Amino acid sequence: MSAAPSDEEREIQDNFSDEEIREEENMVDSSEEEDDDEDEDAINEVRDGFIVDDEEEDEGAKRKKKKKRRHREKEPEVEALDDDDLELLMENNGVSVPAAKPKFKRLKRAQTDEPDRLTQMFSEEEEEEEKPRNVLDEFDDFIEDDEFSDEDEGTRAKREQKKASRSRAPAQMSNIDNEKLSELFEIFGNGEDYAWALEGEDEGEYEDDTNPTALTDVFEPAELKERMLTEADNQIRMADVPERFQTLRAHVRAYDLPDAAFKAEQEWVANKLAAEKGDAAGEPFEHAVHKVVEFVARDNLEVPFIWNHRRDYFLHPVKNTEGEVVRVDRLLVEDDLWRIVQLDIDYHGIYDKRGAVLVMYEALGLDDDVRDSIARAQTMVELQDLHDYLSFKYSKELRATRGDTRDAATKRHSKFSFYERFLAHDLRAILAAIGISADHFGVNVVNQTRIHTTVDAEYESPEDMAKDIIADAADPWFVDYRAALDAVEQTYAEQLFNDPNIRKFFRSTFQQYSTVDVVLTEKGKVTIAEDGPYADFKYLINRTAASLVGAPDMFLRMLRAEAEGLIVIKVRFQHLQQMLDHMFVSFLASDGVSELAEQWNALRRAAFARGMAKLVPLVCMNYKEDLLRECERILFFQVRRTFAARLDQAPYTPAGFDKGTVPTVLAMSCGRGNFGIDSVVAIMMQDNGKIIDEIKFDANPVRDNESLFEDQLIQTVKKHRPDVIGLAGYNVKSKKLYDVLKQLIEKNQLTVAEDTDAQFEGGEPPLVEVLWVNDETAKLYEASARARAAFPEKSTLAKYCIALARYVQSPLTEYIALEKDLPALAIHPHQGLLAEAKVTLAIESALVDIVNMTGVELGEALRDEAVARYLPYVAGLGARKASGLIAGLQANDDEFTNRGHLVTLQLTGAVIYMNCASFIRIPYDERRLDRDKSNRIEVLDATRIHPEDYDLARKMAADALEFDEEEVKHYELKGGGVIYQLIKDGPEKLDELYLEGYAEELETKYKQKKRATLHMIKDELQRHYEELRRSFQRLDAGAVFRMLTGETEATVRAGAVLPVNIRKISQYLIFATTSSMIDTNIRQDYTKERDDNRSLFEIYHMGQTVAATVREVDYESFHIEASLLREDQHAVQAARDSETWNVAAELADKTVEDTRTKLENRSGRVIKHTLFRNFTSRQAEEFLAPKSRGDLVIRPSSKGDDHVVITWKVSNNLFQHVDILEIQKAGDKVFRVDGHDYSDLDELIYNYVHAIARKVDDMCYNEFFSDDTRENTQKALEERSKNSPKRVCYSFCFDHKAPGWFLLSFKVNAAAKIATWHVRATPDGYRLKSYDYPDLNRLRNGFKSLLKTEMQKQSVSGW
């Protein structure tokens, strides 16, 4: 019998036996390599088919922004429609069919033994492949020396003749006389020195026109990707599918689903969305979701189109008993539509995964209940369970389907090699004798009834069976019956662990009854401060999933704290053991009462406990993953809604004008507020965006007797008569300028300009408003490359003011102009908890909503780059399609007059046209309309009405005008038709129409839901593209406070403790400021304790920084009332709920911390040594932080006067605290550390600390050392192992939990998991597994020997 394994052997077994919870289906063969030649051929094919038509844009007129336009790449045209399809599309969308359509030009495409393996696996270099020699190498001299050697005499003569003619050209083409020309030649030369550079220009006969230069020959791949000029980008441009949809669906294998699968998707999305919304249910809701899924997945319609033109499908009219509509319920909101788009992609991921699992299943040739389980699976986790189940149970068969017929005994590193070998062994008889299979037990569990019973073996106990089998087995795998029974137990446990029914039951139970606890690590106890970002969950317990989802940022911060090693998130099922006992007794144990039955039940219980011990961590991980996804979803839409609310504001409305009118703006700023030193800068901007003046106010505006500023302000306002004065700045000093401006305007009655079009309340123009302006876009603009290119001569503060003025005129334009800098905006306090890609998607979706609410005027987009930036957010378009549309419009500017030309000129396909048409606005000129005899101008193109509803609009107009058919025909022959006639006669006539009756008729007779559409048509005919955004958002006191201070209501509030700097001390008051320049007053009653008789001048001094507790905050005046009393700083917090807060643990940790602080802060002994410092551990680390490795301090110890501590720097942010015991030995003082005695501290420092530091240095300079975290080191190790799949790869890194120790991480091959051993640096070398090695080379050799020994042991045991 073999002896029980030692502790070290157990460690090796743990490292090599524990399998990953998850593993992909197909493992990549380590011997497989990529074929470089095939890759080159593929690249050449892509390059040869690459088409790009470059076209420069001229610098056009600017309206709102003056800057250079970028050169855009002309878009390849979409696939042309045939004549019948084009005519049908135009007819369905209300576009008249022209007699002859212009031709759109297209470009044409350019055409060993195991011992040997153990010995060689540590080879540190892979065998290098012999690189093929470049064919051109041997011709280098030929190419360099024999230029033009292949040209004939005639060609050479022509070239020489062109040279000569070029040299004579200057004299022939100018009026300069020969004398002057000679002087020029003497100074500048005759140009012959550089004639070679022009030869290729003249000699077109040497160019191969049939093989033009590809973009890949000019640009780097990264640059092509950045410019969106790759082949994939071209495919997106050409496909008649919305660009955003193409991007989202890029990783979907086959997007178009069969009808049955599509219906299943509709049901799945409806159920998922109903569960998320909570209060949504019923047939109307499901029908609405089904229709939206159809619009998205089958019709490729984007959210803005659905929201504006298919709204009737998610509006549910509620009728009374008499059939009258009493109210209309909105079943879906815009967020729901965007969520449906996400769920559509999620379902396709599930569909693809189901297909992969089904392919695996059918390859096995099975026909059982698993097929139904695959069809019923609704989540990726369920499908992964089925995948794991098939991969485990039929591992041998699956290998055979892939052509791998090797015996399991030869595949020691396969995940299922032991299982396969066990099933081939005679021990499988014991597994069968357990009396119930794992599959049958899973059926019992999921149905919560005993469908399958357990049958005991009749004659033999498990022990006797094992002994008999071992004695008679042909395969001498086991020699000890206990090891054999352990293998049986482990195999049955694995079967239970992989059963999908058991997993499903556990997940369902955990979701319903589990709670979350936070367990602090030792690092977390010290690091998490009371006012830190993790303080609100430091002692959290018993929190349900629902409560965590209600505060999504909390759980995401918990996960971040766990990643930082501060806490452990523990998913706890309070009655887990009772549930396990119930499961075992009710569904697994036999009912027998004999001693034999008890022995078999003991084996079953041991296997069951082993399997569930492995399953519970997996279920807990899935629980946390589900919470993560849900919290990220909620936070995503919080970010989206917050940014959409910020975008949803029209330009500032000038007094007396309608909303949407662009104001003239005087933008001012005092910068950092250094009045009297720095000037106040102002920018005057007209309503067309043109800067007409820049003013500098050198006078100090806050000096009481200074009238120069007042005079200059009056002169500026009266000269330019701005509609509004916009103001912002870098700090709270801007509030002083704001108060001065308000006062001076009131004092001097400075009003806005009188305008004949303005209608003022009371008939008189009001005073000019001084307006705080949100400066978040200005701060990003002032130092941007865009600002430097547009205004290179202006100061940073002037650029800041320009951005402020633009924001007042159009906030949306300024946000869109940020482009890639948009994620840098502080939109939501917790947006940093989301991946940047998700934040970008949230921002983009909000921009899409608001841009399509405002529409884009194509003429403006062609003239103004700022407006052109709107186009990528138009429904159906994107960055690629928008640039192609601009290029196409420029090429067909004369032909383009209405929306229908988007199709007839082949600028868009049918689907893109359907999405974008109503959001592209084409205003009409009444003068041209009267002369339009061919009906090329469409009045409805200036409205939000979609071309598919033009006939409805004309019908409504004719009914409002009470025209008969003949009159309608008569007016349709005129420019503008009945629509223009309605506009001239008065669109208020539409109010007389009974739209409800018309809607009922359309739905009853034609099955068209158009109730909301009819009302929209009426509104648009009465007010074309009326401004639907909310009014310009004036900043409230809290928003101004946040903008100027950088603080929030959460950081500056009553009870918060802030550091303040004392500026002035009087007898009864202390004046101070915070770091964000907030004025703080501390009254006498709150400056000192009652028993302190000292004056304020004795306690405090000017410039002193003290901790003050906020008593009151006035956010409008930027003022704080504070206290310096200790009782206020340590005020008792609100009582915690002991059900959800571990009050006892908090109190215990606080007691320990207080005790430790007292010990550290007590007056310690003084040691006469130059390196001694009376430091605590934290102070020592702070002192050594900027020092070098090996630097140290000697300090007192909290253990008593017979101890001393040496703190030395191991690496950045890594310090070792060496505890030294001071004893008397033979009458002499001795310092003992780590079993070694030293006569004095200098000897200890040199022979112990510095010796270890030298070994650390040696390790750090080794090529296998990584000065990174354990996680990053292991990630790099994974990559190295992939490149060298047959080799043992290893790396050293610091053990940050034990300074002075190293982690030796290694992988025996690409398929193995990473194992880790610990290495300690000692004065004499390194220690690994109780073995000492004097240097690094011997340490590495020792590691290799130990690993070979352990691997041989593993191969014998089989696990």
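The values are calculated or read from the model by the stated rules, or taken from the named source; none is laboratory data. Values in this document were obtained by computation on a predicted structure and should not be read as measured data. Note that each Cβ is placed from the backbone with ideal geometry, even for glycine, and that neighbours are counted across all protein chains shown. The accessibility values were calculated without ligands, DNA or RNA, using every heavy atom of the protein model including side chains. Shrake-Rupley method; radii C 1.70, N 1.55, O 1.52, S 1.80 Å.
Checked against (1) of a type outside the set (S, T, N, Q); (2) more than 46 Å from the chain's Cα centre (by Cα); (3) open to solvent by less than 60 Å² (accessible area, probe 1.4 Å), Cys1260 passes all but a single condition, namely (2). Does the stretch 729-777 hold any residues that are farther than 29 Å from Thr813 by Cα, assigned to a helix (DSSP H, G or I) and of a type in the set (A, V, I, L, M), and which are they? Passing the criteria: Val740, Leu744, Ile745.
As for the stretch 859-866, it holds at least one residue that is open to solvent by 10 Å² or more (accessible area, probe 1.4 Å), in contact with a helix residue (DSSP H, G or I) (Cβ under 8 Å, 6 or more places away or on another chain) and closer than 21 Å to Phe919 by Cα. So for the stretch 1337-1352 (the condition being in a loop (DSSP other than H, G, I, E, B) and either loosely packed, with under 14 Cβ neighbours inside 10 Å or among the aliphatic types (A, V, I, L, M) (or both)), does at least one residue qualify? No, the stretch 1337-1352 has no match at all. Is one or more of the residues making up the stretch 359-371 under 30 Å from Phe636 (Cα atoms), part of a helix (DSSP H, G or I) and open to solvent by 20 Å² or more (accessible area, probe 1.4 Å)? There is no residue in the stretch 359-371 that is under 30 Å from Phe636 (Cα atoms), part of a helix (DSSP H, G or I) and open to solvent by 20 Å² or more (accessible area, probe 1.4 Å). Restricted to the stretch 472-513, and to residues there that are part of a helix (DSSP H, G or I) and among the acidic types (Asp, Glu), the residue that is surrounded by the fewest Cβ atoms within 10 Å (Cβ to Cβ) is Asp472.
Of the residues making up the stretch 587-603, those that are charged (D, E, K, R) and either over 19 Å from Gln448 (Cα atoms) or in contact with a Pro (Cβ under 6 Å, 6 or more places away or on another chain) (or both) are Glu595, Glu598.
Across the stretch 1064-1077, what is the number of residues that are basic (Lys, Arg) and surrounded by 14 or more Cβ atoms within 10 Å (Cβ to Cβ)?
Looking only at the stretch 1064-1077, we keep the residues that are basic (Lys, Arg), and these are 1064.
Within this subset, residues satisfying the condition of being surrounded by 14 or more Cβ atoms within 10 Å (Cβ to Cβ) are none.
The total comes to 0.
Every listed requirement among (1) surrounded by 15 or more Cβ atoms within 10 Å (Cβ to Cβ); (2) in a helix (DSSP H, G or I) is met by Leu1035 save one, (2). In the stretch 1081-1193, counting only helices (runs of 4 or more DSSP H) that sit wholly within it, the ones holding 3 or more residues that are modelled with pLDDT of 80 or more span 1096-1099, 1143-1161, 1177-1184. In the stretch 669-693, of all residues being part of a strand (DSSP E or B) and modelled with pLDDT under 90, the one that is surrounded by the fewest Cβ atoms within 10 Å (Cβ to Cβ) corresponds to Asp678. Taking residues in the stretch 767-790 that are within 12 Å of Cys801 (Cα to Cα), and partners anywhere that are open to solvent by less than 30 Å² (accessible area, probe 1.4 Å) and among the basic types (Lys, Arg), the pairs with Cβ atoms closer than 7 Å and at least 6 places apart or on different chains are Tyr781/Lys799; Glu782/Lys799; Ala787/Lys799. When the helices (runs of 4 or more DSSP H) confined to the stretch 916-989 are screened for residues that are open to solvent by 70 Å² or more (accessible area, probe 1.4 Å), of a type outside the set (A, V, I, L, M) and at pLDDT 85 or above, those reaching at least 3 such residues are found at 965-972.
For the stretch 514-546, a residue qualifies if it is within 15 Å of Thr1140 (Cα to Cα) and open to solvent by 40 Å² or more (accessible area, probe 1.4 Å), and the qualifying residues are Val519, Asp536, Asn542, Arg543, Thr544, Ala546. Residue selection: Ala1253 satisfies the criterion of being out of contact with any helix residue (DSSP H, G or I) (no Cβ under 9 Å at 6 or more places or on another chain), among the aliphatic types (A, V, I, L, M) and under 30 Å from Glu1222 (Cβ atoms).
Please go through (1) surrounded by 18 or more Cβ atoms within 10 Å (Cβ to Cβ); (2) of a type in the set (Gly, Ala, Ser); (3) part of a helix (DSSP H, G or I) for Ala655 and return the number of the only condition it doesn't satisfy. The number of the failed condition is (3).
Any residue at all in the stretch 728-749 that is at positive phi and open to solvent by 10 Å² or more (accessible area, probe 1.4 Å)? Checked the stretch 728-749: at least one residue is at positive phi and open to solvent by 10 Å² or more (accessible area, probe 1.4 Å). Filtering the stretch 300-325 to residues that are part of a loop (DSSP other than H, G, I, E, B) and farther than 16 Å from Pro947 by Cα leaves Asn300, Glu302, Asn320, Thr321, Glu322, Gly323, Glu324.
The residues of the stretch 891-913 that are at pLDDT below 90 and closer than 20 Å to Met228 by Cβ amount to a single one, Ala891. When the residues of the stretch 554-564 are filtered to those that are open to solvent by less than 30 Å² (accessible area, probe 1.4 Å) and either assigned to a loop (DSSP other than H, G, I, E, B) or in contact with a Leu (Cβ under 6 Å, 6 or more places away or on another chain) (or both), the one that is farthest from Asn1272 (Cα to Cα) is Phe555.
Just to be sure before I move on: is Ala1310 open to solvent by 20 Å² or more (accessible area, probe 1.4 Å) and in contact with a Pro (Cβ under 8 Å, 6 or more places away or on another chain) in the structure I sent? Here the answer is yes, as Ala1310 does meet what is asked. Residues in the stretch 1039-1060 that are more than 29 Å from the chain's Cα centre (by Cα) and either loosely packed, with under 15 Cβ neighbours inside 10 Å or in a loop (DSSP other than H, G, I, E, B) (or both): 6 in all. Taking the criterion of being more than 17 Å from Glu564 (Cα to Cα), in a loop (DSSP other than H, G, I, E, B) and touching a strand residue (DSSP E or B) at 6+ places or on another chain (Cβ under 9 Å), the residues of the stretch 531-552 that qualify are Asp531, Ile541, Asn542, Thr544.
So that you can scan it fast, the table gives a plain yes or no per residue for (1) open to solvent by 20 Å² or more (accessible area, probe 1.4 Å); (2) assigned to a helix (DSSP H, G or I); (3) within 21 Å of Asp1191 (Cα to Cα); (4) at pLDDT 90 or above:
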| site | (1), (2), (3), (4) |
| --- | --- |
| Ile1245 | no, yes, yes, yes |
| Arg1254 | yes, yes, yes, yes |
| Thr1273 | no, yes, no, yes |
| Arg1287 | yes, no, no, no |
| Ser1291 | no, no, no, yes |
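Applying the condition of being small (Gly, Ala, Ser), assigned to a helix (DSSP H, G or I) and open to solvent by less than 50 Å² (accessible area, probe 1.4 Å) to the stretch 778-804 and asking which residue is farthest from Met668 (Cα to Cα) yields Ala790. For the residues Glu625, Glu595, the requirement of being more than 39 Å from the chain's Cα centre (by Cα), charged (D, E, K, R) and either farther than 30 Å from Gln384 by Cβ or surrounded by fewer than 18 Cβ atoms within 10 Å (Cβ to Cβ) (or both) singles out Glu595. Of all the numbered requirements in (1) open to solvent by 70 Å² or more (accessible area, probe 1.4 Å); (2) modelled with pLDDT under 90; (3) out of contact with any Pro (no Cβ under 6 Å at 6 or more places or on another chain), Met380 misses one, and that requirement is (2).
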